[in-house]
Amino acid sequence: FPSVGATENIMCAAALAEGATVIRNAAREPELVELQTFLNQMGARVRGAGTDVIRIEGVDELHGAEHTLIPDRIEAGTFMVAAAATGGEVLVEDLIVDHQEAVIAKLLQAGIEVTRHGEAIRVAGRRPWQAFALRSQPYPGFPTDMQPQMMALAALAQGVSIITETVYASRFKLADELARMGAQIRVEGRCAMVTGVESLHGTVVNATDLRAGAGLVLAGLAAEGTTWIEGVQHIERGYEDLVGKLAGLGADISRA
């Protein structure tokens, strides 16, 4: 199974290894292309990132370099789904639109209004939105890191959404926490059936991991009453000033 972390680690190790290294069944995510660009700026000889075969010719040493990172596609996607789940309207700027194709497709399937403005995307949520089917897959399929956010959206959709997780086996831990908020979710193996409800209610929930935490934040924004999210250290590992950015968009959110 193609693994982003495994591919990245092999690329880094092979950059300074003796001789040639070939990675087959490599992950194809944009972050792999980014790592290749960075390593090559430091003197490495890497080619093929973005395909399922990457070739690395080892060099004796690497040198310093300056590099500007690509936008975080998962953070951008999180704000897009936040707008949808709250019935709000958000313009997400400075992203790479091509990286969001899978997320855009699912939002459109749900009946959410999504429009492109150059290198920005405007998302406008209008209730009721429709249930949808989602299957996480390696890039360019739907990213597993966006599945919990979409589960929060599905919890308030009209109808039954089917979510299939093929990448990260523990991703459905979020379902129990959403159930505390009134969501109707039945998990069977790698499949979750989410029956949309009229509203969620605030309560105390626990972020078991980074993306589950993001899903709970979105559910809390859309829920009636106050939601307390514990385990926020997981969320802060992957989002810079999430509270401040959401508050800037009008959310009633604070860090205790």
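The values are calculated or read from the model by the stated rules, or taken from the named source; none is laboratory data. Keep in mind that what you see is a predicted model, and the values were worked out from it rather than measured. Here Cβ is always computed from backbone atoms with ideal geometry, including for glycine, and neighbour counts include all displayed protein chains. SASA here: full protein model, heavy atoms, side chains in, ligands and nucleic acids out. Shrake-Rupley method; radii C 1.70, N 1.55, O 1.52, S 1.80 Å.
Scalar couplings 3J(HN,Hα) for segment 145-157, obtained by applying the Karplus form with A = 6.51, B = -1.76, C = 1.60 to θ = phi - 60°, are 6, 9, 5, x, 5, 6, 5, 4, 5, 5, 4, 10, 7 Hz; x denotes Gly and Pro.
Using a Debye calculation, one point per C-alpha and no hydration shell, please list log10 I(q)/I(0) for segment 41-188 at q = 0.15, 0.16, 0.20 Å⁻¹ in order. Debye curve over Cα of segment 41-188, log10 I(q)/I(0) at q = 0.15, 0.16, 0.20 Å⁻¹: -0.82, -0.89, -1.22. Apolar share of the accessible surface for the chain: 48 percent from carbon plus sulfur atoms, 1.4 Å probe. A Förster radius of 45 Å, combined with the Cβ-Cβ distance separating Val160 from Phe38, puts the computed FRET efficiency at roughly 0.55.
Near Glu198, within a Cβ-to-Cβ distance under 14 Å, what is the net charge of the other residues, with Lys and Arg +1 and Asp and Glu -1? Spell out each step's value before the answer.
On the way: positive: Arg127; negative: Glu224.
That works out to 0.
A 1.4 Å probe run over the protein chains yields, for segment 1-138, 51 Å² of accessible area per residue, whole-number rounding.
Any chance you could run the full-extension gain for Ser199 through Ala133? It's 0.36 nm times the residue separation minus the Cα-Cα distance, nm to one decimal. Intermediate results must be reported in sequence, preceding the final value.
Numbers: separation 66, 0.36 × 66 = 23.76 nm, distance 2.05 nm.
Between Ser199 and Ala133, full extension yields an extra 21.7 nm.
Using helices alone, I'd like the mean residue ellipticity at 222 nm for the chain: each DSSP H run of four-plus residues gives -39500 (n - 2.57), total over residue count, nearest 500. Mind dumping the intermediate values first?
Values: 9 runs with 88 residues, N = 256.
Calculated from helices alone, the mean residue ellipticity at 222 nm is -10000 deg cm²/dmol.
Packing order of peptides 192-204, 84-96, highest average first: 84-96, 192-204 (average count of other Cβ atoms within 10 Å over each peptide's residues). Between the Cα long axis of helix 4-15 and the first principal axis of the chain there is an angle of about 20°, rounded to the nearest 10.
If R0 is 22 Å, the Cβ-Cβ spacing of Arg122 and Ile70 corresponds to a FRET efficiency of close to 0.60.
Taking Cα atoms only, the orientation of helix 210-222 departs from the longest principal axis of the chain by about 30 degrees. Calculated from the alpha-carbon coordinates, segment 74-118 shows an Rg and a Dmax of 9.6, 24 Å respectively. Stokes-Einstein diffusion for the chain at 37 °C, viscosity 0.692 mPa s, with a Kirkwood radius from C-alpha pairs, works out to 170 µm²/s.
Return one number: the angle in degrees, 0 to 90 and rounded to the nearest 10, between the long axis of the Cα atoms of helix 73-86 and the longest principal axis of the Cα atoms of the chain. Computed tilt is about 10 degrees.
Rolling a 1.4 Å probe over the protein heavy atoms gives segment 150-256 an accessible area of 48 Å² per residue.
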